[in-house]
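Written below as structure tokens is the structure these notes are about.
The values are calculated or read from the model by the stated rules, or taken from the named source; none is laboratory data. Please read these numbers as outputs of a predicted model, since none were measured by experiment. Because the Cβ atoms are built from the backbone with ideal geometry, glycine has one as well, and the counts that use them run over all protein chains shown. Surface areas here come from the heavy atoms of the whole protein model, side chains and all, with no ligands, DNA or RNA. Shrake-Rupley method; radii C 1.70, N 1.55, O 1.52, S 1.80 Å.
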Amino acid sequence: MSSSSSISSSFRLFTTKLPNSSFNPKTLSAFPKHPNFSSFRRPISFERIPTISSSRSPSALAPSASMPLQPIEELPPKLREIVKLFQSVPVPKAKYEELLYYGKKLKPLEDKYKTKENKVEGCVSQVWVRAYLDSDKNVFFEAASDALISKGLAALLVKGLSGEPVEEILRVRPDFALHLGLQQSLSPGRNNGFLNMLKLMQKKAKDLVSGSDSVDLGLNSQVGGEKISTSGSEIDGGIEGSSLGLSSNENAEQLSGTSEKISTLGSRINGGIESVNVESRSEGNVKELEVVGSVSNEEESNSGDLGGRGKRIREALARELSPVELEVEDISYQHAGHAGVRGSGDGETHFNVRVVTKEFEGKSMIKRHRLIYGLLQEELESGLHALSIEAKTPAEVSTK
Amino acid sequence: MMTLEGVALKLSPYSFPMITTPACRTPHTFRRFLVSASTAAAPPASLSLGHSTRPDFPILHQEVNGSRLVYLDNAATSQKPITVLKALQDYYQGYNSNVHRGIHYLSSKATMEYELARKKISEFINASDAREIVFTRNATEAINLVAHSWGLQNIKSNDEILLTIAEHHSAIVPWQLVAQKTGAILKYVELNEDGVPDVEKLKDMLSRKTKLVVVHHVSNVLGSVLPIEDITCCAHDVGAKVLVDACQSVPHMAVDVQDLNADFLVASSHKMCGPTGIGFLYGKSDLFSSMPPFLGGGEMISDVFLDHSTYAEPPSRFEAGTPAIGEAIGLGAAIDYLSGIGMQRIHEYEIELAKYLYDSLCSIPNIRIYGPVPSEDVHRAALCSFNVENIHPTDLATLLDQQHGVAIRSGHHCAQPLHRHLGVGASARASLYFYNTREDVDDFIHALNDTVRFFNSFK
């Protein structure tokens, strides 16, 4: 494989193993397509392990009196909206009504999921939480409870965290509940249901994404072994374009009839070919990957449908950091319609960025992020709303 | 200052309860009482006991979530009067010192007060000797002490231990551990149709195999009272010992261990206006004498050699290490306070309050209250565990607290077997003490109605 810098082709594919062989779920979130797939999805984001974007440790789940309350802005967008809603309700009683209303709307959890592994400890009432990956490899939650208030709290978390990127889920501190104004006790320990609810959801999200064996996928289980063959690619530097045999050997629990196949290939295959975001395709059509797109020199463009901003981001990072791996994904669609996005013009507002470069060596997480933000200052000032960053050195990556 | 028990005290700047002349003691009516120098003068007749004692409890005078605190969780723990708080402070401020071995003034004073507290307890429950009182951390530890020291030695494989299904976990689990180690069998008495443990069945289940009967005096969920004298009589007939869990009775009524004829009796200080961290085990002298140590260490030994030690006489034998001295003294102060009011008076007030609570709760639609129906013959403790149909008790308790400042408890109240038997996962419980008033009950009922309406309207 050629080194990354000389790759100049339009898209990067890499040999996948045969469909029935196992992918490492850590590196790939690739799923075979279902013949009945019908819709078209934009590039899929990775589920990333948490990055530290502030000085607070993401594992500080227990609130401490000395720590300031987590600012609302740090919450994942959906949860943020819910919190704001509660804040706008002035009367405590009405807040409880609101909470109960959330609970009422909560989709019932099937009995088979009311297992010991899913039971939240420390609730005087019974609460179960289930997490699964949808076809886009986003974490979704379901929950149930036999008491209304805990049901409402669970519903709140389910609604606020489902579909959010995992690192954002993991970053949520339970003291955000103080923003709700419901005076939920947050004392850590065995007997705090709400705290434990959140913790369990965070743990499940993390486990799902890091590919533990008990992964619960909301996917069609029959999708083993289908390939997406692509048209030939002209790739300099010998990245073979070949079939994206996207298969997963993970247990898929749900049979969703019209599951969309996602093909997100994020593997690190010898020599640092960076991962590629490949769009899933419509059923039956073996088109050439939409990934084939722009050709950029000296650059690893991974996704052809990055707009102007996405390209600029990539250019800036590639130029300044000489990364061995670089991925830029536009996930703005996930946030389309929410308050932060409106009015940002071109709609390119939220990105996931993964950079692996020697430049990060010896730098703390914060410094790495600041470096990246510094390079993207213009974008941040002109409508780039949020960056989710994974910043690693080559040494860190190779030890995985 | 009066001399106490032969120890001459110099004039001390510390005010602690005075000891009166010994009162004549008859088994049923009079009790020896100690007048506390710091309690108020006799209250005016028109005020109920609740009203007259409330000023002694500063913690009750606060607001919670915007409403007046209505504390109805006394079965879980009780509040402490100022005299107890003062006793604790006086101890630490004035004469804190390690007990039993010291020569100096502070140490001898601390020892004296500590042993005085032991004496107060023994008199409070009419033990025949202060040496029949062993200080423990709480009732749970006391039961574990019996299980370990007496149980492991005296219970053999296939012996039976009889309990009721309404026992507190602390009265059940230590015996499960013993049964695991010895091969003994645990048997449980269930409830009769009145909702109380079936005493007749209990008597039926007694046999020569029964080595121990473990029973509560007053149930922390059902509010029922068991006829301990009756039970111990029958148990002794078959050669079984009786351990009485008196956590919910000693704080609320006069308990006389000689009348009950219990072999062991346990209670916790924190449920009877005393501090946490201290409790006691009562045991008959001959039983204690035959029991090996529980925890080993300082204080419980006589002589220590490299390869063996000889042990102290009871009660010291069972009190290893430095005890909770201040807390024991605090418990002594609590007993003074309670005795100053009179356990009989407390008990009568609570019977009335219990009925008022029960009757008021009956007015809530779709409510189910556990335990017996109160009547002339059947007195309930001043607590009610209950469930309202279709509303989870946790939801009730949460809103009662958040919207009304009413503190009750929701859960299994450390009685999971009982709840399983009743067919519920959890219940709500309101439990009163002598400093609660009818107004507290009224506020609770009003709040409960409001909360029930809220949840019903939501469905």
**Report entry** Of A:159/A:206; A:105/A:204; A:203/A:392; A:203/A:367; A:151/A:204, pairs whose Cα-Cα distance is over 25 Å
**Finding:** A:203/A:367
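For the full complex of protein chains and a 1.4 angstrom probe, list B:204, B:395 by accessible area with the highest value first. Show your work: numbers first, answer last.
Working: B:204 120, B:395 5 Å².
Sorted descending by solvent-accessible area, the residues read B:204, B:395.
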Query raised in the report: Ignoring ligands and nucleic acids, what accessible area does residue B:233 show with a 1.4 Å probe (Å², nearest 10)?
Result: 70
Query raised in the report: Within chain B, which DSSP H helices have Cα atoms that stretch 15 Å or more along the helix axis and a mean Kyte-Doolittle hydropathy of at least 0.0?
Result: B:169-182, B:325-341
Query - Length released on extending from residue B:359 to residue B:128, taking residue separation times 0.36 nm less the Cα-Cα span - result: 79.1 nm
Query raised in the report: For peptide B:392-402, how many partner chain Cβ atoms fall within 10 Å of a residue's Cβ, on average?
Result: 6
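Based on the Cβ-Cβ distance of residue B:104 and residue B:63, what FRET efficiency does E = 1/(1 + (r/R0)^6) give at R0 = 56 Å, to the nearest 0.05?
Values: r = 47 Å, r/R0 = 0.83.
With a Förster radius of 56 Å, E is 0.75.
Tell me, what is the FRET efficiency for residue B:181 and residue B:290 to the nearest 0.05, using R0 = 22 angstrom and their Cβ-Cβ distance as r?
In this case the efficiency is close to 0.70.
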**Report entry** Estimated inter-spin distance, residue A:396 and residue B:390, nm [label 7 Å along Cα→Cβ]
**Finding:** 5.5
Report summary line: Taking the dipole of chain B about the Cα centre (Lys, Arg +1; Asp, Glu -1; charges at Cβ), the one of B:364, B:215, B:65 that reaches farthest to the positive side is B:65
